[in-house]
Each structure stands twice: as structure tokens, then as C-alpha cells.
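Working notes, beginning with the structure itself.
The values are calculated or read from the model by the stated rules, or taken from the named source; none is laboratory data. Bear in mind the structure is a predicted one, so any value in this text is a computation, not a measurement. Positions of Cβ are backbone-derived with ideal geometry, glycine not excepted, and every protein chain shown enters the neighbour counts. Side chains are part of the model used for accessible areas, which takes the heavy atoms of the whole protein and leaves out ligands, DNA and RNA. Shrake-Rupley method; radii C 1.70, N 1.55, O 1.52, S 1.80 Å.
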Amino acid sequence: MADIIQLLPDNIANQIAAGEVIQRPASAVKELLENAADAGATEIRLFVTDAGKALIQVIDNGRGMSETDARMAFERHATSKIRNIEDLFRIKTMGFRGEALASVAAVAQVELKTRRAEDELGTYLEIENSKVVKQEPCACAAGTSISMKNLFFNVPARRNFLKSNAAEMRHIVDEFTRVAMAFPGIFFSLTSNGQEVFHLEAGNLKQRIVQILGSSYNAKLVSVNEETDYMNIYGFVGKPETARKTRGDQYFFVNNRFIKSAYLNHAVNSAFEEMIAKDSFPSYVLYIDLDPSQVDINVHPTKQEIKFEDEKIIYAFVQAAVKHALAQFSIAPSLDFTLNPEIQGLDAVSKPFTTDKKDAASSSNLFKTFTQKNQAHFIERNDQREKSELKHWKEFYNPADTESTTQQTERALPQQLQTSGPKPQTGLRVLPDTPLLQLHNTYIIASTNSGFLLVHQQLAHERILYERYGLAAHGQQMATQQSLFPVTLEVAGSDAALLTDLLPDLLAIGYQVEPFGNNSFVIQGIPADVLPGNEKHAIELLIEQFKHFSSDIKFSKREKLVRCMARQQAIKAGQALTQKEMLVLVEELFTCNSPNVTPTGSPTYLEFKEDYLDRMFGR
Ligand code: ADP
Ligand code: MG
């Protein structure tokens, strides 16, 4: 009888291995984004078509690859990040199995363009079914662009297994969000079917969190920051009022990599004990850094589960750090925060600690341990305590975990991506039949179901216009009214170049401006809802503002334009408004995605809740 055992051909072996790493479009997204971050990029753009089923492309401005490396990168176990087994334990960069690109190449049609800054020409590679089908030099930008088309085109069983576009897109947004949170210093964008849905300017950690979780978090984050010899923990937890009935926004990063840990999650929950309802979940974004030899991230193929050398210490540390932060917040509610002191004054302090709880928190063992710095390793192992605090943690771990983490980002999804139509409820309802009141021609008072709002008309209108122009700039072009008497505009030479550059963007938001030679332009049309008359001034002002756009964060051209236009066109404080105008303003404000702040973070309204008012009057 003939022998029957055969070696699998390479491409089949690769496909099988790929199954571990690339389970769905989102897994490829994660690997490509991490590679770009590992390559030292400062700008990373992700493009997907059909939720990644048709195309996933990542463009970075990182260090690029040499011709040989470009080819090597797709071999299995090809990595520039590990040389020997010790490295495995030392490594701090994120991807380190040398499997991702090989896996991607096994299950998709891959095109790579890459160039190192020092090389004149880059390399173009086409790979299909693990085979290089084309390789040639190419002129391209420094950095790397990888696109993978038709994921699982050669593994129909897997392709058929993919979920709806909406579901796959949610997974992609999850992964995108996690990588973006881990690298606030990197610019990230996500464009889906040609529409940019995330545009995250580089900034600090708090800015990034607010960009992603929404500006309503701005005044509601408590910073956590403890350093010891053994480990550091930093990041933010949401104030108790941000706790949700569904698993909230909960993110843990260990050595800058997103992980899921029911155990650590329990540590945070327990720190919130008695501050939030039993069945609700606190929000947090926490980063733990510790000696990489103390963790083994590789235990799980998709690398989200993690093993700590000594997880009890980590548990105690996380719990204590969060408790400490919360205790500080309750004693000194105005700690840390940079923005919106008014709003903070209303909401933040609305649930103060009772003295009893405060005392209990600050007299606990763990709290004391951390009031002296660098003491994490001295936490005594009190068996009694461990039992009481640890016995329930398993209950938190349920298989539904993964589902609920996907749900959680739904809220952070830009509206156009949401599957279920209406956007998240703020719970705020302006009463329809009560008259509005204008104060000092600046503020509008509107009754709500639970109190009243003090709306700042100019700031509110700025938010409305910002979102309207934003949509226009990203595809939904605004209606233009043709001018009966086109106005000519003459500008300085340097401004002419700038204006020419802006013409397409201006058109998107409704300004039809055409070059007329010799630094002159003709304004042929203006947005349908702008009163004719001062269009010339508007454009001049725009150029001026645009030039002096003063902000250390760099925005894209469109973003700047949209911001300038919104600020410029907003009705001003001091202008009298009719009932009708006020009503439209307030109603439009609350159809916005982020009604409560201007693009620059000032509050657009203050909310006075009945219970707050009652308390003010000692009721
Ligand atoms: P790993 O990231 O585990 O090393 P990958 O298969 O993801 O394995 O990548 C293989 C190698 O290809 C990396 O080690 C790196 O040297 C190179 N590489 C991948 N993506 C990029 C990129 N965007 N820019 C520069 N080099 C890259
Ligand atoms: Mg990698």
C-alpha cells in the first residue's frame, strides 16, 4: 500500500495559518494599522469599501521598506521585530509574530507600494494566493500603502461566513478606535465607501478620547495616574454619571495594546462600588505599562487576552488607582479640568460623595497604600480581602462579553454609519408648546422635560453650521443660489493662490467662486440659506481667518474651512430673534450629533435640571 501522508502545499498551509490571524476584515485592519504605527508613521489613513470585504487600504508615512524587505515581509515568520527568543519577552512594539502579512497575502489580493525616505524609487508588489505576481520599481510617496482586495476570495467558506456590512463595519470601527486610542500622537482617518467618517488630529490622550467617545465626555473624565517601580497606570475614568446600563466605553491597554480582561474590568467596577448603580457599568480608558517580561500577550492568536505574571497585584493596583482618582475627584471636584467649568459645576458635582463614603474610601488599606508613592509591591496579600474582592470576578466574565464590546462603540459611530437610523438619545427633550424666551438678545431659555436650558444663540448656531458644512464638505453638496449681480473680488497675489486652492471646497459648501484672471474672482453663487449682500466681505474674511487660523493642532484644509465658515456665518450675540427663529435654532441644535459643544469645545447651552434647582433652593 502506498504511503498516504502528504505535506500541504505552502499556499494551503498559509491559508490555514491565516485563519488564526485574519478572521474577518477587522482583523486585517488591526494588523495593518499596527504595522503602520510600528513603522513610526505620524499619519495613518484607512480606507475601506463594503466594510472591508471589497477593499482595505492603509496608507502610512512611516519608514517604508527596502525592495528586499518588501518581498520578505510577506513570508511566514518574517519580522524585523524579533531576532531571538529573548526578544519575545522584551518586545514592546505591537505586532511581533511575523504572520500578519503572510496571512493577509494568503487570503486576499494584495498590492503594496512602499518607499523609504532615503530611496529615490519605491517598490510595487502584487501578491495573490501567497505568490508574488508582479514586482517593479515605482515612484511613490515615502511610507507604505497596502491594499488588500476581495478578502477570502479564495476561501469561499470563510467569505460566506462574514456578517452583514453593518456588523463587519462595527468590528472595523472597534479596531480602528482601539489603535487610535493607543496612539493619540498619530493622525488617523477612516474613510468608508469614499466618505470620511473619522478624522482624528494628533493631540494628547484626553483630546483623543474626547474625539472618539464624544465631546460630552469633555468635562466628565477623571484622570488616573499612578506610578510605581512595578508598573504605571494612567488614563481616565468617567465620572459616576457616565456609567451606563449597557457595558459602557471600557478600554484597557497594556503596554499600549488593547486587551480584554474581565478580571481587570472587575477591578475597576469594584472601585466604583456604591458610587454607581449595581447593574450599571463605568466608562474608562486605562493604560497600564509594565515590564514586558511580566506579561505574555501571545497567549491568544488575536492577541487580546493576556497573562500577567502576578495578576493579583495588578488587580489591586488598578482598583486602588481608580479609587484614588475618584476620591480625589470627590474631594476636589474641579481638579484636572481644562474646559467647560460651568457645565462641570452643574453636572460633575451633582453626585457628591457622602462623608461616610469618602472616609471609607480614604481609610481603606489600598487607598492608604497608594497615598504614598512607589508602593505597589508592598500591597499585603491579605487572604481575607482577596477572597471578598475577587470571588465575584468570574461572574463578570461571560461569553456575551465580546458582543457587548461591539455594541459599545455603536454610540461613537458617526451617524451616517449607524444602522438604526435615529442617533443616540440624550434624554433631553425641549417641550414643544412652551414659548421660548430671549435674554439680552443672546441667550434663549427653553423648558425641557426635566428643567430648562440656557442656550447661547451664537455658539449653538456655530455648532449647527459646523455640522451642516461638515456634511457638505464630505459629499452632500449644499444648494447654491445664483447671484443676480455677480460680485467681483480682487485679492493679493498670495491670497489668490490660497483662494484658488479653496475653490472646490468652497463650492461644496455652496460658494460658487470662479477665477477671473489677475488675482480677481467672481462670486457667482452663495449658499442658498445665506442672505445675499455681504458675500464679498464673507470671502475676504474667510481668507483672513484661514491664514491666521491659530491652533496648534493641525486641521485639514476642509476642516479649517468648515470651522471658519461656521464661526463666521453664525448669528451673533446681540441679534434679536423671533419666536420662530429661536424655535428653529433650538430644534436644529438638537438634531446635531454633538449638540452640547462648539467645534472648539465651548458649551453651547447649560442645562439646569429640576433636581439641581431644587437642591439650590434647599428642597
Ligand atoms: P510583524 O508585525 O509581526 O513583524 P507582519 O507580518 O505584520 O509581522 O510584518 C512583517 C514585517 O514587515 C514587519 O516586521 C515590518 O518589518 C514590515 N512591515 C509591515 N508593515 C509595514 C509598514 N506599514 N511599514 C514598514 N514596514 C512594514
Ligand atoms: Mg504586524
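What the table below lists for this structure:
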item: Cα-projected label distance for GLU540 with GLN579, points at 7 Å along beta-carbon direction, nm; result: 4.0
item: Within the accessible area of the stretch 465-619 (1.4 Å probe), percent carbon and sulfur; result: 55
item: Whole-number accessible area per residue in Å² for the stretch 139-268, which is evaluated in the context of all protein chains at 1.4 Å; result: 31
item: Above-threshold pairs, the threshold being 19 Å between Cα atoms, out of LYS30/LYS260; LYS245/LYS609; LYS245/LYS278; LYS30/LYS53; result: LYS245/LYS609
item: Highest-first arrangement of 607-618, 270-281, 206-217, where packing means the average Cβ count within 10 Å; result: 206-217, 270-281, 607-618
item: 1.4 Å probe accessible area per residue over the stretch 426-481, in Å²; result: 47
item: Accessible surface of the stretch 1-80 [probe 1.4 Å, protein heavy atoms]: carbon and sulfur percent; result: 52
item: Sulfur and carbon atoms: percent of accessible area, the stretch 181-257 [1.4 Å]; result: 45
